């Protein structure tokens, strides 16, 4: 079966197994020498690709929910989108969510996803009560911050390389409404953007859309978007049931756009229009357009054509963020290979061995995959390493072993733990082989 | 959490069962799940309860154990407003040709066992003058081919049974819906080569069934285009069919 992840590159002809019970899963794990778990395939590259894939999508039962504490227990194939549909009307929200709701709980743990609230709430692993994982020897081990903590910290952000996550428990966030009180602040350049982040870090949610094609004095001009869960009092009279939102149709992107449509000129015009469209103001918005603006269009990845695309996402330590961002942004604008979506965000502190976040600024940019962009990435890699930063494994499809090791100082510790828990080296992806873990 | 209307799903181990139960639970129905694998059913029932806050019960039930069907139905605390039969097995055609016990099992699971439980429910609904019966048959039942004709003939019998029952229950206002699905991405056909474009997901078929039942239909194909595929296929005369190497 042909399998590819969100970036449409690479495409792998893989055997996909979809076990429904732990017994079936054990049989698959014991009878194959090598495999990787896969959920909804929203990582961009090859993180969940191998020639044997274990799909967790049939592992999607809710097992328990405590209405008092908000603690949920579920299987790893349950998606964030299902959880939102079930729990938002009951007054509960995900403690942390990435920019798409089409990820599974297992995938969220393996990528240790972060959201717009990372500077306050940390990454997804921060909200886990425990995780149950099936190891290569067929045993199922429960781990948490206190129990088998080395397994826990190598599984959170561990890209599925320690075993197959079967169940997890985490705490949902109590909300009064399904709306977000949003503030937009437009900035004129990178200095202003960074200052605005600092000045508004008490906001629960913050993210900036950055015009990555603006040059010179406008370099780094952005629209900083801030948000708080709106209270009942704030929206009270507007809506009869503030937890209920009418379901919207999702619009499918029907076909792969021909490759020539997206070029540096059209992208530049798009960025220009988008920046002008933002107005500094306060408003109430539904949670979906706030957190998942792109999920409205299913298969929006087809916009990039059949050649495939990737997202280059890096984080720089806080000390070197300003200088580093300027250098990297200049390099990107000079190349003219700008992207539709460039997102800037300030991270807070972070634990975990391979978890991507660290205190500092992260920038994510979408690029079509082409010889010129690949060359650009190599140049950017050097700068990222130089400033002590690293790249996000879940978005990556081309990082070298060297760049990985320079960025992730705990990789040795992780490798040793992987050897301890995955003696037979059963859990491997095309990515893990490429970067040597 | 108190549901007034219940549906009974026979063959709830099927991949279509859970997405279908979700749709009914969302619409406020209580759910009875019945199949052989009670462990799986308990897990499913718990999941449905947590998601939709409706009463959900799991029952161990074997279509072929017809002797206890009446007792099973009598044991249901609130009688269902509808029954949906998803039970079925492809069996192994080659083995069925050699071993009648294998053939018998395929006939029982796909036909006679279902006749038993459906008649029990039908008699109750006929008296109550309400409700619905949904039978999931198969496009395979419309024409025999060498690769699965034992299964196909059981399905043909089932389809004919449902159409007769529909005629009988018409005056009692009981709906009988026959569903002819084509290829579905389920464990039944796991490992077989299927054409991606005409293979439906269990969720799609569940949605087709739910909408057809709720709008009072008698017969549907799922997906809809199978109507045309079968129309063409049935136009091929037997004299030609017999010569084809049909998989």
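If you count, for every residue in A:57-67, the Cβ atoms of partner chains within 10 Å of its Cβ, what is the mean?
Working: counts 0, 3, 0, 2, 10, 7, 4, 2, 3, 0, 0.
Average per residue, whole number: 3.
If you restrict to DSSP beta bridges whose two residues both lie in chain B, what percentage is antiparallel, to the nearest 5? Can you show the working numbers first?
Working: 0 of 28 bridges.
Of all bridge pairs located within chain B, approximately 0 percent are antiparallel.
Within the protein assembly as shown, what percent of beta bridges assigned by DSSP are antiparallel, to the nearest 5?
Working: 63 of 100 bridges.
So the antiparallel bridges in the protein assembly as shown amount to around 65 percent.
Taking a point 7 angstrom from the Cα of residue A:272 along the C-beta vector, which residues in the stretch A:329-361 have backbone N less than 19 Å away?
Label zone hits: A:333-342.
Considering Cα pairs under 8 angstrom that are at least six residues apart, work out the relative contact order of chain A and quote it in whole percent.
Numbers: 978 pairs, mean separation 81.8, N = 437.
Averaging sequence separation for qualifying contacts and normalising by length gives 19 percent for chain A.
To the nearest µm²/s, what D does Stokes-Einstein give for the stretch A:57-175 at 10 °C and 1.306 mPa s, using the Kirkwood radius over alpha carbon pairs as Rh? Let's see the in-between values first.
On the way: Rh = 14.1 Å.
The estimated diffusion coefficient comes to 113 µm²/s.
In what order do A:302, B:43, A:90 fall by count of nearby beta-carbon atoms within 10 Å, going from fewest to most?
Placing the least packed residue first, the sequence is A:90, A:302, B:43.
Summarise the partner chain shielding of A:75-85 as one whole number: the mean count of Cβ atoms from other chains within 10 Å of each residue's Cβ. All intermediate terms of the calculation are to be shown ahead of the outcome.
Details: counts 2, 0, 0, 2, 0, 0, 0, 2, 1, 0, 2.
Mean inter-chain Cβ contacts per residue within 10 Å come to 1.
Can you sort A:397, A:11 from fewest to most other Cβ atoms within 10 Å of each residue's own Cβ? Could you put the intermediate results ahead of the total?
Working: A:397 25, A:11 12.
Lowest count first: A:11, A:397.
Taking neighbour counts of Cβ atoms within 10 Å as a proxy for exposure, in what order, fewest first, do B:47, A:137, B:124 appear?
A:137, B:124, B:47
Rounded, prolate or oblate: which fits the stretch B:194-247, taking a ≥ b ≥ c as square roots of the Cα gyration tensor eigenvalues, rounded meaning a/c under 1.5, else prolate when a/b beats b/c? Before the final figure, lay out the partial values.
Working: a/c = 3.86, a/b = 1.84, b/c = 2.10.
Oblate, because a/c is 1.5 or more while a/b does not exceed b/c.
In Å, what is the Rg of the alpha-carbon atoms in the stretch A:149-218, and how long is Dmax?
19.2, 51
Given contacts defined as C-alpha pairs under 8 Å and at least six residues apart, what's the relative contact order of the stretch A:299-400, whole-number percent? Before the final figure, lay out each step's value.
Working: 148 pairs, mean separation 44.1, N = 102.
Relative contact order here is 43 percent.
For peptide B:43-53, what's the mean number of Cβ atoms from other chains within 10 Å of each residue's Cβ? Please list the in-between numbers first.
Numbers: counts 6, 1, 1, 4, 7, 2, 2, 9, 9, 1, 2.
Partner Cβ neighbours, averaged per residue: 4.
Pairing the Cα long axis of helix B:202-214 with the longest principal axis of chain B, what angle in degrees results, from 0 to 90 and rounded to the nearest 10?
For B:202-214 against chain B, the angle is about 60 degrees.
Counting only helical runs of four or more DSSP H residues, what would the 222 nm mean residue ellipticity of the protein assembly as shown come to if each run contributes -39,500 (n - 2.57) and the total is spread over all its residues?
On the way: 24 runs with 236 residues, N = 684.
Mean residue ellipticity at 222 nm (helix-derived): -10000 deg cm²/dmol.
From the alpha carbon gyration tensor of chain B, can you work out the equivalent ellipsoid semi-axes (sqrt of 5 times each eigenvalue) and give them in Å, largest to smallest?
On the way: eigenvalues 172, 72, 71 Å².
They are 29, 19, 19 Å, listed from largest to smallest.
Using every pair of alpha-carbon atoms in the stretch B:87-196, split the distances into 5 Å bins beginning at 0 and state the percent of pairs per bin, rounded to integers.
In order of increasing distance, the bins hold 2, 12, 20, 21, 17, 12, 8, 5, 2, 0 percent.
Provide the three semi-axes, in whole Å and in decreasing order, of the ellipsoid equivalent to the protein assembly as shown as defined by the square roots of 5 times the Cα gyration tensor eigenvalues. Show your work: numbers first, answer last.
Values: eigenvalues 491, 153, 126 Å².
With the √(5λ) rule applied to the protein assembly as shown, the semi-axes are 50, 28, 25 Å.
Just the projected area, averaged over all directions, of the convex hull on the alpha carbon atoms of the stretch B:1-145: how many nm²?
Numbers: hull surface 37.1 nm².
Averaged projected area of the stretch B:1-145's Cα convex hull equals 9.3 nm².
Just to verify a number: FRET efficiency for residue A:67 and residue B:230, C-beta to C-beta distance, R0 = 56 Å, to 0.05?
Working: r = 49 Å, r/R0 = 0.88.
The formula returns an efficiency of 0.70 here.
Bear in mind these aren't lab numbers, they're just calculated from the coordinates by the rules spelled out. This one's a predicted model, so the numbers in the text were calculated from it and none came from an experiment. We place every Cβ from the backbone using ideal geometry, glycine too, and count neighbours over all the protein chains shown.
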